[in-house]
Amino acid sequence: MGGGEPKKSGGEPKKSGGGGKKKEVKKETGLGLTNKKDENFGEWYSEVVVNGEMIEYYDISGCYILRPWAMAVWEIMQKFFDAEIKKMKIKNCYFPLFVSPAVLQKEKDHIEGFAPEVAWVTKSGQSELEVPIAIRPTSETVMYPYYSKWIRGHRDLPLKLNQWCNVVRWEFSNPTPFIRSREFLWQEGHTAFATKEEADTEVLEILELYRRIYEEFLAIPVIKGKKSELEKFAGGFYTTSVEAFIPNTGRGIQGATSHCLGQNFAKMFEINFENEKGEKSMVWQNSWAYSSRTIGVMIMVHGDDKGLVLPPRVASLQVVVVPVPYKDADTQGIFDACSATVDTLCEAGIRAEADLRDNYSPGWKYSHWEMKGVPLRIEIGPKDFANNQVRAVRRDNSAKTDIPHAELVEKVNQMLEDIQQSLFVAAKEKRDACVQVARTWEEFVEALGQKKMILAPWCDEEEVEKDVKARTKGEMGAAKSLCSPFDQPELPEGTKCFASGKPAKKWSYWGRSY
Ligand code: 87F
């Protein structure tokens, strides 16, 4: 089970354990976590998002305040992705938050399963609206009527739009900050092409950008693949995704999706164009999104018992410089050295700040910035000051290095790069250790019991997947297919499906998931 939100209406993280003396001290300083990641993961997560200053709980269940510390991570990823899609000639736009019931109905076959999650506005002040209006859970129905209007001839294609916005899905099960919230931030791309080939190419280009967000920015290994018929977006033609894994809970998590919608929506919304031969044709469409869920996956994968661990590339603060004055030492000199160190780092493009507050001890500051996950701490004490050096301490492994001032920028850059790499490698090793090949139902059930992500040969039949879900139903939730990886291991002739015993058609990842 993933992180849970506090059960109390007040929205405070649960305090667990008896209030021993040690805990009193922690409470006073506001530092430290009462829950351990490996012992009580859900509670640990609720605590770390708050104490790390990413989230504040809100008085509406499933809604969370994203504090500047979280928003900065979002903006760094946004800057990257926005620049990349602009290179692909995708343009940003903004469509309204509200959807009329009439247009929502157009898509009713596909929306059917989602209907309970759609939130409606029914009143303004005390008066009932004549027609209630829906709040977008996604924007197909908002945007596509206008695609129909704007696309006339082949010269209007491709039409490639993206919007950065919030969406609302009124989830009922177990809301979790970032991972499953009733309102979240995302980008949604909606593109239309003259040909299937162009659409197919874009699906994979976008999926590669999603891989890069996870692997290069968040330092989280993902698997690229195709969703099963049961798990794909019902309104689409096929769905590709990047899938991550949370070792502590043994759950897979869909990281982002890139869909080829085929011509389904073109039919529904009459998005037609006249092709070069003067014939009427339907467009091919894609849609793709990643959301603020990315941040939750990062916290779950890298966080530890001291708090958040931010990968340097997404950390708004990469280096915190802490003065360590001593009774008789030249305090002003140390403070000035801290400021000078920050200036040097910032000039080199490193995101650095000094914590010069005089009402907190160095030890308190260490814990504070560890809780917030700053990748590198630089300490400057009397000895460092006298030797014209600084002491650097890594957040990920606590390793300490003395750096001569002359090598500051070079060494810090190296260390940040190394931390980024180490986090990815550590996450990958942990993830890989959770992958289990299962060839039979017995092996599958055993691996599932061990919280594994299971790679199994599959007949690719929808009925069989439904059967797997039914047979694994229980307290922890059923297993489902996560994706069929693009990177397929060899499948020798005669290999049988783990679940049905029929001839296997492909390898597929399975597991419990978020
Ligand atoms: C919830 C309520 C109503 C997901 C929903 O993935 C509708 C929906 O259509 C719904 N939850 N979906 C599927 C969203 C598909 C697609 N939309 C554009 C994406 C990428 C961005």
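Structure notes:
- In degrees, nearest ten, helix 362-371 long axis to first principal axis of the chain (Cα): 10 degrees
- Cysteines without a disulfide-compatible partner [the chain; Cβ-Cβ under 4.7 Å]: Cys63, Cys93, Cys165, Cys260, Cys338, Cys346, Cys434, Cys483
- In the chain, the DSSP-assigned H stretches of four residues or longer account for a calculated mean residue ellipticity at 222 nm of -10500 deg cm²/dmol, using -39500 (n - 2.57) per stretch and the full residue count as denominator.
- The residue among Thr331, Ala392, Thr249 whose Cα reaches farthest toward the positive pole of the charge dipole of the chain, with charges on the beta-carbon of Lys, Arg, Asp and Glu, is Thr249.
- Average accessible surface for the chain: 46 Å² per residue, computed with a 1.4 Å probe over protein heavy atoms with every protein chain in place.
- Among Ala438, Phe273, His190 - extreme Cα towards positive end, dipole of the chain, charges at beta-carbon: Ala438
- The local environment of Trp284, defined by Cβ-Cβ distances under 9 Å, has a net charge of -2 under the rule Lys, Arg +1 and Asp, Glu -1.
- Cα-based equivalent ellipsoid, the chain: semi-axes from gyration tensor eigenvalues, Å: 44, 28, 25
- Placed amide H near Met453: partners under 5 Å, 5+ positions off or other chain: Val435, Gln436
- Restricting the stretch 426-514 to GluC sites (Glu not before Pro) in coil, as DSSP defines it, with at most 15 other Cβ within 10 Å: Glu475, Glu490, Glu493
- Placing +1 on the Cβ of every Lys and Arg and -1 on the Cβ of every Asp and Glu, with nothing else charged, gives the chain a dipole about its Cα centre of roughly 780 debye.
- Accessible surface of the stretch 244-381 [probe 1.4 Å, protein heavy atoms]: carbon and sulfur percent: 45 percent
- Estimated at the nearest 10 Å², the accessible area of Asp200 is 40 Å² with a 1.4 Å probe.
- Amide H to amide H, with H built 1.01 Å from N, Ser61 comes under 5 Å of no residue 5 or more places away or on another chain.
- Charge-dipole axis of the chain as Lys and Arg at +1 and Asp and Glu at -1 on Cβ define it, positive-most pick from Leu66, Ile454, Gln414: Ile454
- Using alpha-carbon coordinates, inclination of helix 293-302 to the longest axis of the chain, degrees: 50 degrees
- Restricting the stretch 229-318 to trypsin sites (Lys or Arg not before Pro) in coil, as DSSP defines it, with at most 16 other Cβ within 10 Å: Lys277
- Entries in Lys430/Lys506; Lys89/Lys411; Lys36/Lys480; Lys430/Lys480 that, when Cα-Cα distance is taken, lie over 31 Å: Lys89/Lys411
- Neighbours of Gly477, meaning other residues whose beta-carbon lies under 11 angstrom from its beta-carbon, give a summed charge of +4 when Lys and Arg score +1 and Asp and Glu score -1.
- Within the stretch 57-99, the trypsin sites (Lys or Arg not before Pro) that combine a DSSP coil assignment with at most 10 other C-beta atoms in a 10 angstrom radius are Lys89.
- Helix 462-471 vs. the chain, principal-axis angle (Cα, 0 to 90°, nearest 10): 50 degrees
- Given charges at beta-carbon only (K, R positive; D, E negative), |dipole| of the stretch 199-306 in Debye: 280 debye
- Local net charge near Glu379, Cβ-Cβ under 11 Å (Lys/Arg +1, Asp/Glu -1): +2
- The stretch 195-323, relative contact order in percent, only Cα pairs under 8 angstrom and at least six apart counted: 23 percent
- Spin-label model distance (nm) - Lys469 vs Lys383, 7 Å beyond Cα toward Cβ: 6.2 nm
- Each Lys and Arg Cβ is given +1 and each Asp and Glu Cβ -1; about its Cα centre, the stretch 345-450 then shows a dipole of about 220 debye.
- Model label points for Ser422 and Asp487, set 7 angstrom from Cα along the Cα-to-Cβ axis, are 2.4 nm apart.
- Computed with every protein chain present, the accessible area of Asp304 is close to 40 Å² [probe 1.4 Å].
The values are calculated or read from the model by the stated rules, or taken from the named source; none is laboratory data. Source: prediction; values computed, not measured. We place every Cβ from the backbone using ideal geometry, glycine too, and count neighbours over all the protein chains shown. Side chains included, ligands, DNA and RNA excluded: accessible areas come from the protein's heavy atoms. Shrake-Rupley method; radii C 1.70, N 1.55, O 1.52, S 1.80 Å.
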